[in-house]
Structure formats: structure tokens, C-alpha cells
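Beneath this line is the structure, given in C-alpha cells, with notes to follow.
The values are calculated or read from the model by the stated rules, or taken from the named source; none is laboratory data. All values reported here derive from a predicted model rather than from experimental measurement. Backbone-built Cβ (ideal geometry, glycine too); neighbour counts: all protein chains shown. With ligands, DNA and RNA removed, areas are computed over all heavy atoms of the protein, side chains included. Shrake-Rupley method; radii C 1.70, N 1.55, O 1.52, S 1.80 Å.
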Amino acid sequence: MSSREANGALSVYWALLRNELRELFASRTPWVMLLVLAPLVGYSFIQAVSLFSDASQSAQGHPELARGMTPLDGIFVPTFGGLYLAVTLLFPFVAIRTIGEEKQSGALKLTLQLPTSVSALVVLKFLAVGCVWFLALIPAGFAVVAWITMGGHVYWPELVTLLVGHAIYGLAVAAIAFFAASVTDSVATAAIVALALTIGFWVLDFAGSSTAGWFARLSFLSITGTLKDSEKGLLAFSQIAQTLVFALGMLWAAVAWLPSGTTLARKLITVGVIVFVCAGAVAGAGEIRLYADMTEDRRNSFDPAQEAALRQIKERLTITLYLSPDDSRAREMESNVLAKLKRAVPRLKIRYGAVAKAGMFGPSNDDRYGLVIYEYGGKREESRSNSPREVLPIVNELAGLSVKAGDTSPFPGYPLVTKADALGIWFYVLLPALTFLAWWYKRGRQFDRGGTL
Amino acid sequence: MQALNTPLLEVKNLGKRFRRAEVLSGISFSIFAREIIGVIGPNGAGKTTLLECLAGLLPYENGTVTWQSSHLNGKSRKDALFYLPDGVIPYARQRVQSVIGFYREAFGASMERERKVVAQLGLDPVTAQHTGELSKGYRRRLLLAIALLTRHPLLLLDEPFDGFDLRQVLNVMAILREVVQEGRTLVLSIHQLLDAARICDRFLLLTNGRLLGAGTLAELQEKAGKKAVSLEEVFLELT
């Protein structure tokens with residue numbers, strides 16, 4: 001491609017992007033989303049501050065209690081929860097209309113003849129939708145600023161990790177919406193398909209957290225995986241890569257399905273190839289054993305010296321739990337011990353042994369219930385504890401590890417007694433009013449000659 | 001320069017089905033540079049389907065389409081021809097000037113060209129209106145403006161005179177003749193035979209997805225076995 005051709009292509013891309021943005025903000029959909037988001041995020045933030053403040057009051061003078069007061073859990077995760085709801089339930093409508101309305105009005109016949117490839121068209125539409133996502137961060141951004149102004153503590157790596165999780169989730173939701181808009185003929189049908197998929201992931205999440213069957217095993221496919229990790233302050237690169245592959249696969253399928261001049265058989269074959277390639281890539285990404293614990297209290301990892309020792313384990317460590325996966329003890333052990341071991345031990349096998357499950361109101365009749373068995377190199381240990389303080393010495397002894405505790409200062413916690421009720425007027429009245437005024441201004445604005453924004 | 005006896009576009013044995021229904025069958029014809037071809041036929045004859053197959057917007061099962069003797073593929077098709085569909089409202093919430101400006105930029109036309117096209121088509125009074133608010137006639141003019149801003153050698157226009165009164169039709173015909181003088185070729189799908197007879201050099205007569213005749217009015221008259229009759233009479237005789 002000559003430099004003249006490259007300049008020509010760039011000017012076409014620029015014109016297309018500006019047109020997509022104009023089209024997007026000329027509709028009411030993104031404005032409605034932004035309008036709903038301000039009170040939603042505001043309410044979450046005000047409630048979170050209130051609860052955090054109450055808990056902080058109890059923690060005053062009790063360092064043990066204060067250690068549990070982390071702004072990530074107490075403030076930011078609930079505040080950004082409003083964004084999660086809006087992205088799940090409203091963002092698909094914003095994304096769908098960029099393709100769906102053109103299909104419905106017939107204007108796509110003109111768009112497909114523009115001097116650019118279908119993939120470039122889809123990517124530019126995606127970028128325009130991404131701009132709406134960035135605007136959707138405004139209320140949460142104000143909440144963060146308000147928190148800092150109140151004297152609240154922010155550990156930026158945690159917050160950035162949370163943002164990364166939301167960004168990847170938003171990307172996956174938009175990709176699903178694009179695919180839905182591409183394969184259907186009307187905006188309404190596309191919305192049903194997109195919501196069926198996004199809400200379907202909730203079902204997968206629920207199955208993953210409450211059952212142990214094949215359905216639960218599929219829960220790793222859920223696009224909320226990265227978001228859930230980021231809410232714990234964890235960057236799990238395998239999960240990130242899998243979600244990105246899923247999103248790119250959806251976009252690729254949207255690109256393959258969009259051209260109306262391609263036969264159905266050819267589209268199906270192309271999508272089949274995409275599914276095959278992406279399944280391989282997802283499986284490959286699952287092998288990535290790269291994690292970054294971005295939390296200030298290092299809740300996702302053991303002591304650095306212990307972590308380093310665990311990485312040296314050569315043989316397979318097998319842990320068998322005689323517990324129901326939905327038992328609170330199993331869940332606690334999963335988050336406090338097993339999840340950390342999975343990230344540190346190179347060859348780890350965790351399985352749930354068959355036991356008579358505890359009744360709804362009474363204990364199990366099986367004597368083994370609650371037992372956890374550790375096997376390594378022909379050696380075997382048993383325990384009923386789910387605490388890392390007792391589990392780690394067992395693992396160390398089995399594997400012959402000698403670990404000296406590192407010199408790490410304990411996490412102090414950041415309790416804060418404050419009030420955010422006065423911010424209600426900002427989140428419930430002023431921010432929605434500003435959004436409405438921005439829409440009104442945009443609606444009435446005379447666009448420049450030449451189609452500039 | 002394209003030799004006059006070498007077809008610009010050649011269609012051989014084109015066939016298209018919608019599920020079990022055969023909507024185009026055995027369509028073969030050639031188009032030469034600087035011609036105005038009229039695709040005529042009753043409603044449901046397959047005129048729009050034919051144009052959309054040529055434009056690559058609909059897949060077809062049989063036949064070949066060549067451009068200057070080379071197979072027409074995705075890239076060469078985008079360079080060679082532009083199809084203007086009927087009944088489309090591009091970007092209904094945007095203003096006419098924004099939409100025209102966008103297509104001008106996308107197709108690399110000059111501002112001068114945009115001003116000329118807007119003036120020729122009498123779009124000045126509505127440039128500040130949203131495209132979704134336009135009357136049928138102005139909507140048609142907007143679509144024609146988009147087609148005229150392209151730089152493709154071949155334009156396929158679906159019902160370009162629909163929604164116009166006689167004076168407007170004559171005005172648009174004059175503009176289209178100017179387009180041909182600039183070196184471009186036109187294929188017009190027209191259901192008003194009087195309009196077709198006024199502007200087209202040759203005709204493709206379609207009915208039930210089959211090509212009943214192709215040629216000048218004189219050639220069609222000969223095929224119909226009637227001399228010195230109008231296109232309407234030829235049409236009634238052949239269909």
C-alpha cells in the first residue's frame with residue numbers, strides 16, 4: 001500500500017468513526033444508559049460508604065477488625081456494581097443498534113459498499129461503542145474522587161485491576177451484542193439473543209458457585225470470570241486471555257456473518273472454523289499460569305517465601321475433599337487455600353470425594369465428611385482444617401519444604417467513619433440533569449458542514 | 001480507454017433462488033461503457049434482485065459476472081460499481097448535510113463536487129433537516145446525491161425516478177446524462193416504461209426472473225413483431 005493509499009484509507013476510517021459517533025449519540029439509547037447509571041452508581045456508592053462507615057466505627061480500637069476494612073471490597077466493588085448492571089442489561093442495546101438499525105433500515109446496503117473492508121467497519125463501530133463505555137465510567141469516577149475527598153484510602157493497583165476487569169467484561173458484552181446484531185434481522189431479535197447470552201452467563205456463574213457437576217465445569221466459559229477475579233484484585237492472565245479470545249471470536253463471527261452477499265453455507269463454515277480456532281485458543285490460554293496479585297493485603301497469595309517454595313514442588317500434589325462443594329467450609333477453603341495453591345503449585349489435583357451429603361438441617365452420617373486428604377510422592381496426611389495456618393505446614397512437610405516466614409508488615413486496614421448522604425443530590429439530580437442537558441444540546445446542535453462532529 | 005466493442009460488464013447464465021423459488025434464471029447480457037441500460041419489467045420480475053446480485057449484496061447460485069473480461073470479486077466489485085438501493089433511509093437521525101458530508105469524505109469526493117451535486121438536485125432547502133424527516137422526493141434526491149458522490153465507473157440505480165414529478169424526472173434525467181458524458185455507465189431499474197424510454201439506450205426486459213429480451217427499442221420492436229410502437233406496447237406484447 002502506497003503512502004497515498006494509506007492516507008486515503010485513514011481518512012475513510014476517520015470519517016467512518018466520526019459518523020458512527022454521530023449516529024450513536026444522535027440516538028437516545030446511550031443517553032438513557034448514562035442517565036440510569038448516575039443514580040445507580042450513586043446509590044451503590046452512598047450505601048457502600050454508609051455500611052463501611054458503620055463497620056469502621058466497630059473496628060475503631062480493634063486492629064484485628066480494622067484489617068478487614070479494605071476500600072476495594074467495601075467501596076469500589078459495590079460502586080462499580082452499578083456499572084456491571086448497566087453494562088449487562090443496557091449496554092447490549094447501545095452496541096446492537098450500531099449494526100442492527102442499519103440492517104433494519106436497509107442502510108447497511110450502502111455501508112457495505114463503502115471503500116473499506118467489513119472487518120474495518122466492525123472495528124470502527126466497536127471503537128465508537130467503546131467511547132460510550134468510557135463515558136459510562138463518569139459516575140464511578142466521581143465516586144472515586146468523592147471517596148478520596150472524604151479522606152478515603154485508594155490503592156491504585158487494586159482500582160486499576162478492577163477497571164481492567166470491567167473493561168474486559170464490557171468488551172465481551174459488546175462483542176456478543178455485535179454478533180447478535182449480525183446474525184439477526186431486527187434490533188428486537190438481536191436484543192433477545194444478546195440478553196439470553198449475557199444472562200445465560202449468570203446461570204453458569206450460579207452453577208459454578210453452587211454445584212460440582214458438568215454444568216459447573218462449564219462455568220469457566222463465563223465472561224464474568226475476569227471481572228470476578230478483578231473484584232478480588234487478581235489479574236489471572238489465563239482468564240483474561242480466554243475472555244479476550246471469546247470476545248474476538250464473537251467479533252470475527254460478526255464480521256463473517258455481516259456481508260449479505262455470502263451464502264448461508266459459507267457463513268456457517270466460516271463460523272465453524274472460528275469456533276474451532278477459538279476453542280483451541282481458549283484451551284491454550286487455560287494453560288497460562290501467570291497471575292498478579294494486585295491487592296495491598298496480598299489476599300490472593302501466600303507469603304512470598306511460601307509461594308516461592310511451593311513453586312519448587314516437582315511431583316503432583318493431590319488434595320481430596322470429603323465435603324460438598326456448596327458447603328461453607330469447602331467454599332472457605334477454596335478461597336483461602338485451594339485457589340492460592342492452584343496459582344502456586346505447578347502440579348496440583350483437587351477432587352471432591354463421594355460422601356453422603358449433609359442434610360438440610362442436620363450433619364452427614366458419613367464419618368469421613370469434612371475430611372481433607374493430602375497425597376504427595378506416596379505420602380499421605382489427613383486434616384479437617386480449612387485454614388492456611390494448618391494446611392500449609394502439612395503441604396510443606398509432605399513436599400519436604402523448609403519455609404522461613406518473610407518479614408512482611410501486617411496489613412493495617414483502612415477504616416473510615418464518614419457520610420456520603422449529601423452526595424445524593426449530585427448523583428440523583430445534578431449528574432442526571434447534566435446528562436439530559438448534554439443530550440438536549442447534542443440534539444439541537446447544528447452539525448458543521450462536511451459532517452464533522 | 002475501454003474499447004467500444006469490449007463489454008464493461010458481462011453476465012452469463014446468472015441464476016438465483018430464494019429457498020425453492022427460482023427468482024432469476026439464465027440471465028445473460030453485456031453492458032458497454034457510457035451506456036444507459038434500463039432494466040424493465042413488472043413488479044416481482046426480479047429487477048432489484050438482479051441489481052443486488054451484481055452489486056454483491058445477494059449471493060447467486062449460478063452464472064458468472066465479469067468486469068472488463070476479469071472475474072468480479074469482492075475488491076474489484078467495490079472499485080467497479082456502486083448500487084443505489086430503493087427505499088433506504090441512511091442515518092435517519094442525522095442531518096442531510098452531515099450524511100452527504102460523510103459520503104463525500106468516505107468516497108473521496110471534493111467539496112466542490114458536493115456543492116455541485118447538492119445544487120443540481122435542489123437539496124439546499126433541506127440540508128439542516130434530519131434524513132428521517134424528508135419527504136419521499138427529497139429522500140430520493142439524497143440517495144441520488146450519494147450515488148453521484150461516488151467515483152465508480154458503473155452505477156446501478158434502483159428506481160431513480162420514483163417519487164418525482166415530471167419536471168423533477170426530466171431534471172434528474174439531465175443530470176444522469178451529464179454523468180454518462182463524464183464517462184460513467186448507468187444501469188437503471190425502472191418500472192415506469194415512459195421514463196425508461198426517455199433516457200435508456202438499451203433495455204433488459206425481465207419477467208418472472210427470466211430475460212425476455214435485450215436491446216434497443218428498435219430491436220425489441222422487431223422481436224415483438226411490431227414496428228413503430230411504444231416501449232409500453234412492446235412490453236405488453238412480450239410479457
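Using alpha-carbon positions, what is the distance between the centroids of the range B:116-151 and the range A:140-214, in Å?
42
Could you work out [θ]222 nm for chain B from helices alone, using -39500 (n - 2.57) per DSSP H run of at least four and dividing by all its residues? Round to the nearest 500 deg cm²/dmol.
Calculated mean residue ellipticity at 222 nm is -11000 deg cm²/dmol.
Enter the mean projected area of the convex hull around the alpha-carbon atoms of the range B:117-239, in nm², rounded to one decimal.
Computed as one quarter of the Cα hull surface, the answer is 8.6 nm².
Please report, in debye to the nearest 20, how large the charge dipole of the protein assembly as shown is about its Cα centre when each Lys and Arg carries +1 at its beta carbon and each Asp and Glu carries -1 there.
Rounded to the nearest 20 debye, it is 1040 debye.
Could you tell me what % of all Cα pairs in chain A have separations over 41 Å?
When all Cα pairs of chain A are counted, 29 percent exceed 41 Å.
Can you pull the Kirkwood radius for the range B:172-239, inverse mean 1/r over Cα pairs, to one decimal in Å?
Roughly 12.7 Å, rounded to one decimal.
Go through A:Lys103/B:Lys136; A:Lys267/B:Lys78; A:Lys125/B:Lys136; A:Lys267/B:Lys12; A:Lys109/B:Lys136; A:Lys342/A:Lys404 and tell me which ones have a Cα-Cα distance over 23 Å in this structure.
Violating the 23 Å Cα-Cα cut-off are A:Lys125/B:Lys136; A:Lys267/B:Lys12.
Compare the peptides A:307-315, B:26-34 by average per-residue count of other Cβ atoms within 10 angstrom and give them in order, highest first.
Ranking the peptides A:307-315, B:26-34 by packing returns B:26-34, A:307-315.
Toward the positive end of the charge dipole of the range A:54-197, about the Cα centre and with charges on Cβ (Lys, Arg +1; Asp, Glu -1), which of A:Ala196, A:Gly61, A:Thr184 goes farthest?
Of the listed residues, the answer is A:Thr184.
Given R₀ = 45 Å, FRET efficiency for A:Phe134-B:Leu236 by Cβ-Cβ distance, to 0.05?
In this case the efficiency is close to 0.10.
What does the convex hull of the Cα atoms of chain B come to per residue, in Å³, rounded to a whole number?
Here the figure is 131 Å³ per residue.
Just check the range A:225-282 against the gyration tensor rule for me: Cα atoms, a ≥ b ≥ c as the square roots of the eigenvalues, rounded for a/c under 1.5, and otherwise prolate or oblate depending on whether a/b exceeds b/c.
Cα axes put the range A:225-282 in the prolate bin.
Using unit Cβ charges (K, R positive; D, E negative) and no other charged atoms, how large, in debye to the nearest 20, is the dipole of the range B:86-176 about its Cα centre?
The calculation lands at about 200 debye.
Between 0 and 90 degrees, rounded to the nearest ten: what's the tilt of helix B:166-181 against the longest Cα principal axis of chain B?
Taking the Cα atoms of chain B, the angle to B:166-181 is about 80 degrees.
Over all distinct Cα pairs, what is the inverse of the mean 1/r for the range A:116-163, reported as the Kirkwood hydrodynamic radius in Å?
This gives a value of 13.0 Å.
Let me make sure I get this right: for the range A:79-215, a, b and c are the square roots of the gyration tensor eigenvalues over alpha carbons, sorted descending. Under 1.5 in a/c it's rounded, otherwise prolate if a/b > b/c, else oblate. Which is it?
oblate
Top mean-square fluctuation among B:Arg140, B:Arg151, B:Arg93, Gaussian network model of chain B, C-alpha springs under 10 Å?
Of B:Arg140, B:Arg151, B:Arg93, the Gaussian network model singles out B:Arg93 as fluctuating most.
Can you give the local net charge around B:Ile36? Use residues other than it whose beta-carbon is closer than 11 angstrom to its beta-carbon, Lys and Arg +1, Asp and Glu -1.
Once all neighbours under 11 Å are counted, the net charge is +3.
Taking a 1.4 Å probe, which of A:His166, A:His62, B:His191 shows the most accessible area, and what order do the others take after it?
A:His62, B:His191, A:His166
Of B:Tyr138, A:Tyr369, which has the most accessible area with a 1.4 Å probe, and how do the rest follow in descending order?
The ranking, largest first, comes out as B:Tyr138, A:Tyr369.
Using the membrane-span-like helix rule (whole DSSP H runs, Cα extent along the own axis of at least 24 Å, mean Kyte-Doolittle hydropathy at least 1.6), which helices of chain A qualify?
Length and hydropathy pass: A:118-136, A:156-183, A:187-210, A:264-285.
Percent relative contact order of the range B:174-239, based on C-alpha pairs within less than 8 angstrom and at least six residues apart?
Rounded, it is 22 percent for the range B:174-239.
Of the options A:Phe52, A:Val123, A:Pro393, report the single residue whose Cα projects farthest towards the positive end of the charge dipole of chain A (beta-carbon charges: Lys, Arg +1; Asp, Glu -1).
Farthest towards the positive end: A:Val123.
Towards the positive end of the charge dipole of the protein assembly as shown, with charges on Cβ (+1 Lys, Arg; -1 Asp, Glu), say which of A:Thr161, B:Gln221, A:Leu112 has the farthest Cα.
B:Gln221
Within 9 Å, Cβ to Cβ, of A:Arg347, how many net charges do the neighbouring residues add up to if Lys/Arg are +1 and Asp/Glu are -1?
+2
Over the range B:1-61, calculate the relative contact order: mean separation of alpha carbon pairs under 8 Å at least 6 apart, over the residue count, as a percent.
32
What three numbers, in Å, describe the spread of the alpha carbons of the range B:1-82 along their principal axes, ordered from the longest?
For the range B:1-82, the Cα extents along the three principal axes come out at 42, 26, 20 Å.
For every other residue with a beta carbon closer than 14 angstrom to the beta carbon of A:Glu287, add +1 if it is Lys or Arg and -1 if Asp or Glu, then tell me the sum.
Net of charged neighbours comes to +4.
What accessible surface, in Å², does a 1.4 Å probe find on B:Arg202, ignoring ligands, DNA and RNA and rounding to the nearest 10?
The accessible area of B:Arg202 comes to roughly 40 Å².
What longest region of chain B stays clear of GluC sites (Glu not before Pro) that DSSP places outside H, G, I, E and B and that have at most 13 other Cβ atoms within 10 Å?
Answer from the scan: B:62-181.
Give, rounded to the nearest 20 debye, the magnitude of the charge dipole that the range B:1-145 has about its Cα centre when Lys and Arg contribute +1 at Cβ and Asp and Glu contribute -1 at Cβ.
260
Order B:Ile40, A:Ile269, most accessible first, counting only protein heavy atoms with a 1.4 angstrom probe.
Largest accessible area first, the residues go A:Ile269, B:Ile40.
Please state, as a whole number in µm²/s, the translational diffusion coefficient that the Stokes-Einstein equation yields for the range A:70-138 at 20 °C and 1.002 mPa s, with Rh defined as the Kirkwood radius across alpha carbon pairs.
Approximately 152 µm²/s, per Stokes-Einstein.
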